[in-house]
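So the structure is just underneath, and the comments pick up after that.
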Amino acid sequence: MKIAIVTDAWFPQINGVVTTLSKTQQELSKLGHETLVISPNEFRSFPCPTYPEIKLSLAPAKKLGQMMQAFQPDAVHIATEGPLGLAARGWCLKQKLPFTTSFHTRFPEYVKLRFHIPLKITYAFLRWFHSAAQKTMVATAALKSELEQRGMKNLVLWSRGVDAQLFRPHPKSFLTDARPIFIYMGRVAVEKNIEAYLKLDLPGTQYVVGDGPALDEMKQRYPKVNFTGFKKNEDLVRFIAAADVFVFPSRTDTFGLVIIEALACGVPVAAYPVRGPLDIIEQGVTGYLNEDLKQAALQALTLDGSKCRASALNYSWAACTKQFLEHLPKPDNLQPAVNRITAASR
């Protein structure tokens, strides 16, 4: 099967969306499927206002259409609602080709935090965008219910996985700072609510692993916190695994892939009782959820890391990719549209 995945988020970005899509692409290849990822790397782009790490494609419709015609996809999945997502949506509708979408990011909440645009406006845009999809994939049942209440339809579950061979326990001795060691890993940005973690009066040592638009400001404001900058692969894993508690302060993530990565390293999690953590953490076993984040962090110190690891092993990218494939349009629905695309390319 030839599957086109269209995303406004791709390497060199490192985040949950990119990880999910790249792992899915790898698993699809293992199963013998041919994939084409259409990302901003193939287009002229400009930096996203207030977030220059994100590149927005400039007038991508014509080139995207040419790439689609050349690839002749059997199925199209649109992962994001940015310029490329909009161009792919328009192309699929013009070709009368069924497509799927996914909801990865609380885009309305992010926009409200950065530009003060009311939620009702951006959620109206999302309802319009996803309404044309045959199915829209979401990470958890709780998120599905929430989005249905906001008027979104045809929602189906597409869970997440973890690379348990990479994310695994390592010696705590990697970090020699005063214990306990608390760690945050992810983007250093306002939408991650990172200051809720940085402001905590915790014993021992606090770490932040990651990069982002607020990094320089946070370094200046919180000089006692260890900011490592961006880390990846084994370097990243050693930092996480050496911590005593992983603190996840975000209130806006749809899942929180970093949570299961921390659990796979045998590190319990402290977070707010919000969507994402509520769907992953077993209270008092793999972490603690509390509106008092300091209390959650201190309570998590008492937990057994082996139980955290065991919980994370329930998540696999192979199982997630199987879900993804099940949601794609079936071949009998695709053939008329594929014939039209083939004819148009001659």
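The values are calculated or read from the model by the stated rules, or taken from the named source; none is laboratory data. Just so it is clear, the structure is predicted and the values come from calculations on it, not from any experiment. Cβ coordinates were reconstructed from backbone atoms using ideal geometry, including for glycine residues, and neighbour counts include every protein chain displayed. Surface accessibility is based on the protein's heavy atoms, side chains included, excluding ligands, DNA and RNA. Shrake-Rupley method; radii C 1.70, N 1.55, O 1.52, S 1.80 Å.
With 22 Å as the limit, write out which pairs from Lys2/Lys96; Lys30/Lys94; Lys192/Lys219; Lys55/Lys224 have Cα-Cα distances beyond it, or answer none. Please report the intermediate quantities before stating the final value.
Working: Lys2/Lys96 17 Å; Lys30/Lys94 32 Å; Lys192/Lys219 16 Å; Lys55/Lys224 33 Å.
Long pairs (Cα-Cα over 22 Å): Lys30/Lys94; Lys55/Lys224.
Carbon-plus-sulfur fraction of the accessible area of region 39-144, 1.4 Å probe, in percent?
Roughly 65 percent of what the probe reaches on region 39-144 is carbon or sulfur.
What number results when the radius of gyration of region 28-87, computed over Cα atoms, is divided by 2.2 N^0.38 Å?
The reported ratio for this selection is 1.24.
Just add up the charged neighbours of Ser39: K/R +1, D/E -1, any other residue whose Cβ is under 10 Å from the Cβ of Ser39. Present the calculation step by step, with values, prior to reporting the outcome.
Details: positive: Lys55; negative: Asp8, Glu42.
Counting the neighbours of Ser39, the net charge comes to -1.
Which value in Å is the Kirkwood Rh of the chain over different Cα pairs?
21.1 Å
Over region 258-338, average the accessible area per residue using a 1.4 Å probe and give it in Å², no decimals.
Details: 3250 Å² over 81 residues.
Per-residue accessible area for region 258-338 comes out at 40 Å².
Give me the number: length gained by fully extending Gln69 to Leu113, i.e. 0.36 nm times residue separation minus the C-alpha to C-alpha distance, one decimal in nm.
Working: separation 44, 0.36 × 44 = 15.84 nm, distance 3.86 nm.
Difference between extended and current length: 12.0 nm.
So what is the diffusion coefficient of region 179-284 in µm² per second by Stokes-Einstein at 4 °C and 1.567 mPa s, using a Kirkwood Rh over Cα pairs?
Numbers: Rh = 13.7 Å.
The Stokes-Einstein estimate is 94 µm²/s.
Calculate log10 I(q)/I(0) of region 29-137 for q = 0.14 Å⁻¹, where I(q) comes from the Debye formula with a single equal point scatterer on each Cα and nothing for solvent.
Result of the Debye calculation: -0.62.
DSSP beta bridges in the chain, what fraction antiparallel, as a percent rounded to 5? Don't skip to the end; give the middle numbers.
On the way: 4 of 39 bridges.
Antiparallel bridges make up about 10 percent of those DSSP assigns within the chain.
Return a whole-number percent for the relative contact order of region 66-141, with Cα pairs under 8 Å and 6 or more residues apart as the contact set.
Result for region 66-141 is 34 percent.
Pairs of Cα atoms under 8 Å, at least six residues apart: use those to get the relative contact order of the chain, whole percent.
17 percent.
Roughly how compact is region 113-220, stated as its Cα Rg over 2.2 N^0.38 Å to two decimals?
Cα Rg divided by the expected 2.2 N^0.38 Å: 1.48.
Using per-residue counts of other Cβ atoms within 10 Å, averaged over each peptide, order 243-251, 146-154, 202-210 from highest down.
243-251, 202-210, 146-154
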